[in-house]
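Here's the structure, in structure tokens; my notes come after.
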Amino acid sequence: MSDAVRADALLADLPQAGSGRLKVFLGAAPGVGKTYAMLQAAQAQQRQGVDLRVGVVETHGRAETEAMLAGLPQQPLTRLEYRGMSLVEMDLDGILAKPPKLVLVDELAHSNVPGSRHAKRWQDVQELLAKGIDVYTTVNVQHLESLNDQVRDITGVQVRETLPDWVLQEADEILLIDLPPRELLERLREGKVYVPEQARAAIDAFFSQTNLTALRELAMQTAAARVDADLNRRYRQQGQEAPSIGGRLLLGIDGDAQAERLVRHASRVAERRHLPWSVVHVDTGGERNEQRLGHLQAAQQLAERLGGEVVVLRGGSVADTLVEHARERRASLILVGRSRARLRRRWRLGRGLAERLLALGRGLEISVLDIDADPLPTRSRPDDAAPWLDYLLAPLATATASLIAFALSQILELPNISLVFLAAVLVMAVRSSLGPALACAGLSFLAYNFLFIPPTWTLVIERQEDVLTLLFFLLMAALSGNLASRQRRQLQALRRNQSETTALLELSRKLTAATDRQAVLSAAMQQFAMWHELEVSLLSRDRDGVWKVEAGAQRLLDEQERAAAQWAWQHQQPAGLGTDTLPSGRWWWWPLSGEEGPLALLGVAPKDQRALTPEQRRLLAALAQPLAQALQRAQLAEELEAARLHGQTEELRSALLASVSHDLRTPLTVMRGSIDSLLALGEQIPLSERRELLEGTRDEAERLDRYIQNLLDMTRLGHGSLKLARDWVAPADIVASALQRLRPVLAPLQLELQVPQQLPLLYVHAALIEQALINVLENAARFSPPQGRLRVMVEADAMELRFAVADQGPGIPAAERDKIFDMFYTAARGDRGGQGTGLGLAICQGMLGAHGGRVTVAEGLDGCGASLILHLPLHPQPQLSLADMDE
Amino acid sequence: MKSSNQATVLVVDDEAQIRKFLRISLSAQGYKVIEAGNGAEGLAQAALQRPDLVVLDLGLPDMDGQDVLGQLREWSQVPVLVLSVRAGEGEKVLALDAGANDYVTKPFAIQEFLARVRVLLRQAGNSDAPLESVVRSGSLRLDFAYRKVTLNDVELALTRKEYAVLAMLARHLGRVVTQQQLLRDIWGPTHVDDSHYLRVVVGHLRQKLGDEPSAPRYIQTEAGVGYRLLGD
């Protein structure tokens, strides 16, 4: 046994995170004392200080039970109006509002009053468990869905309130409350068992010694099966091989009225034999009608509820496909139903299937259930005949063929005239189905005989060869009609199949191209738009519980629809129209869930107020899968991007802080030091040095001002809120203004200006370019040796204008030339950079970039230092008329 | 006519520290200083004390500096020197259009500030006298009566537009003239946005004046605002 299997078994034993424990008090029949036992257990819990509440308990006025209820805190029931009646139900919201540790919920199989949140009480219990609340509950064995038929067979009573078996299977503990039938009957006679007056007759029949014994056995079996399963798990936890359980059970069904019965049977067999099971439907492209599809759909849904897997295969032969699938899935047992009525209809799953399976499925166990032994009145067989209109077409086709044949009878020889009728039969077969085609064949046979076989105008045939001709005609008509109609059915199935596949392919193609959430959603909406009869909407809910229609119908949802959507979102299960939860709405909600919860909610509403067809439902479900995946992918991409951005922002922030601390503190330190010296020492400092200190203070203040300007500019650049106020500017003005502002900084250097008299005008935001130039000049000045040369040169060609600032400083290593404009780089150097370059160059780059220009680095003066060049594109110079300049 | 050193200056600024160093500097120059900490008080002081110059900060706590300027201009022609922050070119132009006479950008050098104050007080003092017919700045001499411009006693051949621009700057010697004002007065109201006319004409003027464009002696560009003809 692999460790993984063992780990799974151990994990299964742990209470799932956030889920409560379910304890079921199982009984064979009403009156065995389940409720009493549950209350007794609850009393014991309360004595141990467990915070518990009675959600709902039916005492049926029994004194012993009521006594046991005393002292337990109760949640008041909620009152619901239904068709003028006032009915009470468990107050689920009341319990959830102030959740206790343990809740008692009697009668697990109970159906809620329509209008409640869930159709069934077990769904309420599931919600309680999901919220981490433990639940004690009671149930009678006849309510188990898989036993439904058996119970009916035993007792003759059809139990309407059923409970999916998995609910019981997932219970953490099952307690069998047993009472020998004799004692139960005793209690019944003593009036200790509650029996509603109107049902007394039925109940009396129910409570017979034989029935009770059988039910008791069922209950014991159920509990025992559970013990088996528990035992298996223990084996696995201990790393031992569980008693061999291999293979899988395959149940083959078609759209038969008995399909559900077969599913229940299969579920029971699978449970008893500890086999995983699948319900397989083989679509041979046969005729479909609503009723058959309905049966199929119901059976498939039942199978899902009972924990089976639903598989739909397409293939020509049911037996071949089933056996092939069985081999693929390593199934050990194939179960099929067999109906005697089928013997008449051999072209469907029917006679010969079991035999064919036996012949093909070597090594497989083939089990056939006779499903005619049906005590219920057989429902009317699905009418698989063609619409009556098609039968009307048969004589019409024959008449048309007769007319044509009559017209051609002058040209064609007698045997060839039959071809005309044959054509009519073929047309019928292709246009309609086999029935009308055969009808047409018969009619054509008669018409041919009547009109053309001598003696004409009678049905009498004189010549023997004509009899043969006619017989062959009939045979050919039947054969070709059959062939054509089958061909057509297959074509239809193919088309259906193809349209589904196409839809899926189409959607995945669109989704592949969609990279973000919005694109995914709009691709999906585009795809869903092909259903004109449906309204589609995609919703999402934010953390505050506010709904947002992301795509599709922008209508306001009423309270009820919103509740269904809410439920579907929270529980990640479908809700609304056609489901068990809040089914009275107009919308069907299908959650598109990712690994960490719902990503969006797909809402579908038929425009004509009818229910969704199973076909639509299936295709929608199929499309929802890739859609959810695409949404998950988009979300992941967004999260990654956000994380990356966040990382960058963090990096920049810390870099900035480092830079600010350096660039702002340095001038402040100088200013503070100078002023303190002056205040403290005053007259002791010679006059010329006092002046020096004061000038230093002023220069540092100006430097501080420039840093602040840079920080402001950087913020504007970073926010993208930098608005260019472009105007025509003379480049010399920019140089003049920058030099003016930097006068004290540049004073100790030998400044060389090379600014030609004639320069084209720039169309720029002058203050920003000036700031860029100031940053470059200041940078150069900072790295220049004392009395070093600093050359400022402006030159222009047809395309661009360049400001070049060259110094005699240490220069910039080639490897770093690209990096010095990087905000991270320059900022991150901060204190470490000694005379850190600050943000100046990065901002310079930003300013130039905003104008469509750039900054480059070149060699400085006399082979040392660096030269920074600001490139600005030139705009077509404005037109100047002489008149405007000189009148 | 008061002598400039007895002039009264009203300083309207909400920052006590700024008022303090302005008061010290202005007093050292012999001016009488009145202070106001907000716009309303500033307007009241202007009405009560009738100062010769108002120094107005545009960023005031109680009302917008532009509004203070507007209200002041409803009844007074007192020269106003505006204190503005950098990158607020639009704000400066707005204030100049609304009747401010000049501006300095914070943080400013005190020498620059005092020079502006001097220029404004001198011109205000001269407003009663007839317009001077000759303006001098260094070696430049402009004779309005004869429309004659000489540099180092050599007459310059200026086109009409060049003369008009130079003359307008000369009439506001030492003060800024906005680009819009120049364009409107010289080219007409339809050309207020044709700043390139001005750039070209100023370029020619500088050439003829022998002005180094990157370090001008005569015509100074006030980026984004306008031009100023520097005095002595």
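See the values below:
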quantity: Matching residues, segment A:762-800, being within 14 Å of chain B (Cβ to nearest Cβ) and over 18 Å from residue B:215 (Cα atoms); calculated: A:762, A:763, A:764, A:765, A:768, A:772, A:796
quantity: The listed residue being part of a helix (DSSP H, G or I), under 19 Å from residue B:124 (Cβ atoms), of a type in the set (S, T, N, Q) and out of contact with any Lys or Arg (no Cβ under 7 Å at 6 or more places or on another chain), out of B:45, B:77, B:66; calculated: B:45
quantity: Members of segment A:496-524 found to be at pLDDT 75 or above and among the basic types (Lys, Arg), listed by number; calculated: A:509, A:510, A:517
quantity: Top-ranked residue of segment B:214-232 - restricted to ones that are among the charged types (D, E, K, R) and part of a loop (DSSP other than H, G, I, E, B), ranked as modelled with the lowest pLDDT; calculated: B:232
quantity: Residue within segment A:412-419 that is part of a helix (DSSP H, G or I), touching a Gly at 6+ places or on another chain (Cβ under 7 Å) and hydrophobic (A, V, I, L, M, F, W, C) present; calculated: no
quantity: Selection from segment A:685-697 of residues that are within 13 Å of chain B (Cβ to nearest Cβ) and either buried (at least 16 other Cβ atoms within 10 Å of the Cβ) or modelled with pLDDT under 80 (or both); calculated: A:697
quantity: Residues of segment A:26-51 classified as closer than 19 Å to residue A:141 by Cα and at pLDDT below 90, total; calculated: 12
quantity: Search result, residues across segment A:123-155 that are at pLDDT 90 or above and among the hydroxyl-bearing types (Ser, Thr, Tyr); calculated: A:136, A:137, A:138
quantity: Test result for residue B:207, surrounded by fewer than 18 Cβ atoms within 10 Å (Cβ to Cβ), at the interface with chain A (Cβ under 10 Å from one of its Cβ atoms) and either touching a Gly at 6+ places or on another chain (Cβ under 8 Å) or not in a loop (DSSP other than H, G, I, E, B) (or both); calculated: yes
quantity: Filter result (within 21 Å of residue B:184 (Cα to Cα) and either part of a loop (DSSP other than H, G, I, E, B) or away from chain A (no Cβ under 12 Å) (or both)) within segment B:148-168; calculated: B:158, B:159, B:166, B:167, B:168
quantity: Cβ pairs under 8 Å, 6+ apart, first in segment A:291-319 and closer than 15 Å to residue A:257 by Cα, second among the basic types (Lys, Arg) and surrounded by 22 or more Cβ atoms within 10 Å (Cβ to Cβ); calculated: A:302/A:264
quantity: Identity of the residue in segment A:58-82, surrounded by 14 or more Cβ atoms within 10 Å (Cβ to Cβ) and touching a strand residue (DSSP E or B) at 6+ places or on another chain (Cβ under 6 Å), that ends up farthest from residue A:109 (Cα to Cα); calculated: A:72
quantity: Count of residues meeting criterion [at negative phi and without any contact (Cβ under 8 Å) to a residue 12 or more places away in the chain] in segment A:45-64; calculated: 3
quantity: Residue count, segment A:578-634 (criterion: under 27 Å from residue A:543 (Cα atoms) and part of a strand (DSSP E or B)); calculated: 17
quantity: Answer residue from segment A:504-534, given it is in contact (Cβ under 8 Å) with a residue 60 or more places away in the chain, aliphatic (A, V, I, L, M) and in contact with a strand residue (DSSP E or B) (Cβ under 8 Å, 6 or more places away or on another chain) and is farthest from residue A:601 (Cα to Cα) among those; calculated: A:534
quantity: Any hit, segment B:222-230, residues being at the interface with chain A (Cβ under 10 Å from one of its Cβ atoms) and over 17 Å from residue B:90 (Cα atoms); calculated: no
quantity: Top-ranked residue of segment A:573-624 - restricted to ones that are under 19 Å from the mean Cα position of the chain (by Cα) and of a type in the set (Val, Ile, Thr), ranked as modelled with the highest pLDDT; calculated: A:604
quantity: Residue A:709 vs. criteria within 11 Å of chain B (Cβ to nearest Cβ), surrounded by fewer than 21 Cβ atoms within 10 Å (Cβ to Cβ) and under 15 Å from residue B:215 (Cα atoms); calculated: no
quantity: Filtered residues of segment B:65-117 (kept if more than 22 Å from residue B:223 (Cβ to Cβ) and at pLDDT below 85); calculated: none
quantity: Pair list, Cβ < 7 Å and 6+ apart or interchain, from segment A:722-734 residues that are at the interface with chain B (Cβ under 8 Å from one of its Cβ atoms) to residues that are in a strand (DSSP E or B); calculated: A:728/A:763; A:729/A:762; A:729/A:764; A:733/B:221
quantity: Within segment A:806-854, tally of residues that are modelled with pLDDT of 80 or more, within 24 Å of residue A:785 (Cα to Cα) and in contact with a His (Cβ under 7 Å, 6 or more places away or on another chain); calculated: 0
quantity: Residue within segment A:480-489 that is assigned to a helix (DSSP H, G or I) and in contact (Cβ under 8 Å) with a residue 60 or more places away in the chain present; calculated: yes
quantity: Boolean, residue A:111 is among the hydroxyl-bearing types (Ser, Thr, Tyr), under 24 Å from residue A:567 (Cβ atoms) and surrounded by 19 or more Cβ atoms within 10 Å (Cβ to Cβ); calculated: no
quantity: Residue list for segment B:174-204, filter: among the β-branched types (Val, Ile, Thr) and outside any helix (DSSP H, G or I); calculated: B:176, B:177, B:178, B:192
quantity: Candidate set from segment A:735-757 (those that are part of a loop (DSSP other than H, G, I, E, B) and within 8 Å of chain B (Cβ to nearest Cβ)); member that is modelled with the highest pLDDT; calculated: A:755
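The values are calculated or read from the model by the stated rules, or taken from the named source; none is laboratory data. All of these numbers come straight from a predicted model, not from anything done at the bench. Here the Cβ is made from the backbone with ideal geometry for all residues, glycine too, and neighbour counts use every protein chain on show.
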